[in-house]
Amino acid sequence: MPTITAPRGTRDLLPEEAAAWNRVEAVARDLSRRYAFERIETPVFERVELFARGLGESSDAVEKEMFRVGGARGTDEERAEWALRPEPTAGIVRAYLQHGMHVRPGPLRLTTTGPMFRYDRPQAGRYRQFAQWDVEVLGDPGPAVDAELVELAHRFYAEIGLSGVVAHVNSIGDAECRPAYRRALVEHFRPHVERLTADSRRRLEVNPLRVLDDKALDPELAATAPRSIDHLCDACREHVTAVLGLLDELGVRHEVDHGLVRGLDYYTRTAFEFVVEGREGQQQALGGGGRYDGLVELLGGRPTPGIGFGIGLDRTVIAMAEQEVELAAAGPLVAVVGFGDDHADRLRVAAALREAGLAVRPDGSARKLGKQLEAAAKAGAGWAVIVGEELARGQVGLKDLASGEQRTVALGEVASAVAKPA
Ligand code: HAM
C-alpha cells in the first residue's frame, strides 16, 4: 500500500530538532516576560476580508498566497469567506478593536507564537505552514519603542546562540510623504517598463514600492531607484534619525537598507528585517517587522500607532543548525530496569525518581538484565537504576552506563548522585 506523506510545504518537527525548537521557544517566552509583553491568542483562521483590508490587496500574502478554508460541508461561499492566517498582526488588531482594548492603560504590549499559513510555491526556507514569534505594541508613537523592538529581536538571536545577525532598517514614510515618493518611483521605472517582470509592471500602477521588492528586479534599475529616505517629510525624517541614533547608542548592529520596503502594505515609517550576514536575500530574512500607524484606523478603530515584528522560527532553527549552535544537553536520562515481572516495583521507583525531577524510562519487558541495560544505553540513558531485593530496605542499584561502575544507594539519593558529573 502506498504510504501517506505530509502535505507539500510542511515540515515535521522530529525529535532531533526538538532541542533547538525548545531553546527558541523558551528564549521567546522568557524575553516576552522580561520585555513585559502579555500573551494573546487569536484564531488561526479569520475572514479573508480582514487580511485583504489589513495586509493590502496587492500584497503577495493576499493576492497569491491566501490559504482558503471552508467548513466540512464547505460551500463555495464559505470557502470565499475564510482563510488561514498568513500572519498574526491583522488578527491581533482585530481582537484589540473587538474587545475594546483601546480603553486599557497603554501602550499595550502583546505577544503570540504559533503557526502561520501562506499558500506559496514551497522551497528551502519557504513553507506553507511555518511558525512565528510575534510581538506588537499598540499606542506608542515611538521612536524609542522602535529601537527597543529592534534591540529585543537582536537580543533574541544572541540568546539562542546565532551570530552575525544584522538588522536592516529603512523608513518608508507615511501618508504625508509616501505619495511623492511613489510618484518618484513611477517616474523612475516607467521609461524602463520592458525591463520589469509582469508582476512589477502591474505593481507599478497599484503599489510602486513593491517593485523594489521584486527579486528579479534589474540590479541597475534597483541601484539607481529613488530612495525613500530622501523623500521623507520632516516628521518622518526626524523619526528615523532618532531611531537610528538610538540603535547606535544601544550598540545594536544595523545598517540602513534603501531597498527594504517589506511585503505587507500596512507599514509606515520604520521597517526592519533580520538577516545573517553573508546569507542575504529576502528569502533568508529570519524575521521582520515595522511600524503600522494606519492599520488600526484601516480596520475601523481610532487612529492608533502600532509597531511589531514576527520572527520566523523555522528559518531561525535552520540557521542554528547551519551555524552548529551548541545546545545544552538535556538533563540525565535514567532507565529503570529489574528482574522478571516486578513491574509494579519498577513503576513505583520510576514514579519516585520523577517526583525528584528526573527524566525516567522504565523498561517494561521481562528480558534478561543484561539486555535491558544494553537497550537503556542505546536509548541514550546515562544511568540505570536496578530494582532488586534491596528495594525492601529502600535501596537500589545505580549503574553508570558509560563507565560500567555500579553501587548500591538509597532511593532518595539517586537524584543527587546522577546530577553530579561522572
Ligand atoms: P513577514 O516578514 O511577512 O512579517 O514575516 C516574518 C517572518 O516570518 C519572515 O522574516 C520569515 O522569517 C518568516 N516567514 C514568512 N513567510 C514564511 C514562509 N512562507 N516560510 C517560512 N518562514 C516564513 C510579518 O508576518 C509581519 N506580521 C511582522 C510584523 C508584526 N510586523 C509588524 N508586526
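The values are calculated or read from the model by the stated rules, or taken from the named source; none is laboratory data. Being a predicted model, the structure only gives us computed values, none of them experimental. Heads up, the Cβs are rebuilt from the backbone with ideal geometry, glycines too, and the neighbour counts pull from every protein chain shown. The accessibility values were calculated without ligands, DNA or RNA, using every heavy atom of the protein model including side chains. Shrake-Rupley method; radii C 1.70, N 1.55, O 1.52, S 1.80 Å.
Which pairs turn up if I take residues in segment 301-323 that are within 19 Å of residue 110 (Cβ to Cβ) and among the aliphatic types (A, V, I, L, M) and look for partners that are within 12 Å of the ligand (Cβ to nearest atom) and in a loop (DSSP other than H, G, I, E, B) with beta carbon separation below 8 Å, at least 6 apart in sequence or on another chain? Sorted first by the residue in segment 301-323, then by its partner, the pairs are 307/292; 311/286. No other residue among 373, 347 is open to solvent by less than 40 Å² (accessible area, probe 1.4 Å) and not charged (D, E, K, R) apart from 373. Of the residues making up segment 118-147, those that are hydrophobic (A, V, I, L, M, F, W, C) and within 18 Å of residue 317 (Cα to Cα) number 4. Name the residues in segment 159-181 that are open to solvent by less than 30 Å² (accessible area, probe 1.4 Å) and assigned to a helix (DSSP H, G or I), would you? Once the filter is applied, which keeps residues that are open to solvent by less than 30 Å² (accessible area, probe 1.4 Å) and assigned to a helix (DSSP H, G or I), segment 159-181 yields 160, 181.
Residue 338 falls short on exactly one of the conditions (1) more than 33 Å from the chain's Cα centre (by Cα); (2) modelled with pLDDT under 95, and that condition is (2). Does at least one position in segment 361-368 carry a residue that is basic (Lys, Arg), open to solvent by 10 Å² or more (accessible area, probe 1.4 Å), touching a residue at least 12 places away in the same chain (Cβ under 8 Å) and touching a strand residue (DSSP E or B) at 6+ places or on another chain (Cβ under 6 Å)? Among the residues of segment 361-368, at least one is basic (Lys, Arg), open to solvent by 10 Å² or more (accessible area, probe 1.4 Å), touching a residue at least 12 places away in the same chain (Cβ under 8 Å) and touching a strand residue (DSSP E or B) at 6+ places or on another chain (Cβ under 6 Å), which makes the answer yes.
Looking only at segment 337-350, which residues are free of Cβ contacts under 8 Å to residues at least 12 places away in the same chain and under 15 Å from residue 410 (Cα atoms)?
Of all residues in segment 337-350, those free of Cβ contacts under 8 Å to residues at least 12 places away in the same chain come to 344, 348.
Residue satisfying the conditions is 348 alone.
Mind checking which residues of segment 132-158 are in a helix (DSSP H, G or I) and either open to solvent by less than 10 Å² (accessible area, probe 1.4 Å) or in contact with a strand residue (DSSP E or B) (Cβ under 8 Å, 6 or more places away or on another chain) (or both)? Before the answer, list the steps.
If we filter segment 132-158 for residues that are in a helix (DSSP H, G or I), which is where we start, we get 144-158.
Scanning segment 132-158 gives 145, 146, 147, 149, 150, 152, 153, 154, 156, 157, 158.
Across segment 109-127, the qualifying residues are those that are more than 7 Å from the ligand (Cβ to nearest atom) and in a loop (DSSP other than H, G, I, E, B), and the one among them that is modelled with the highest pLDDT is 119. Among the helices (runs of 4 or more DSSP H) confined to segment 210-325, the ones with at least 1 residues that are open to solvent by 20 Å² or more (accessible area, probe 1.4 Å) and within 12 Å of the ligand (Cβ to nearest atom) are located at 313-322.
Inside segment 159-172, can you point out the residues that are closer than 11 Å to residue 28 by Cβ and in contact with a strand residue (DSSP E or B) (Cβ under 7 Å, 6 or more places away or on another chain)? Break it down stepwise before answering.
Pass one, segment 159-172, residues closer than 11 Å to residue 28 by Cβ: 159-160.
Selection gives nothing.
Summed over segment 182-209, the residues that are outside any helix (DSSP H, G or I), open to solvent by 20 Å² or more (accessible area, probe 1.4 Å) and either modelled with pLDDT of 95 or more or among the hydrophobic types (A, V, I, L, M, F, W, C) (or both) give a count of 0. Here residue 126 passes the criteria (1) out of contact with any Lys or Arg (no Cβ under 9 Å at 6 or more places or on another chain); (2) charged (D, E, K, R); (3) closer than 20 Å to residue 279 by Cα except the one numbered (1).
Among the conditions (1) of a type in the set (Phe, Trp, Tyr); (2) open to solvent by less than 10 Å² (accessible area, probe 1.4 Å); (3) out of contact with any strand residue (DSSP E or B) (no Cβ under 6 Å at 6 or more places or on another chain), the only one that residue 127 does not satisfy is (2). Filtered by the rule that a residue be at pLDDT below 95, open to solvent by 100 Å² or more (accessible area, probe 1.4 Å) and of a type outside the set (Asp, Glu), segment 9-39 gives a lone residue, 15.
Per the listing 241, 270, the residue uniquely under 16 Å from residue 181 (Cα atoms) and at pLDDT 95 or above is 270.
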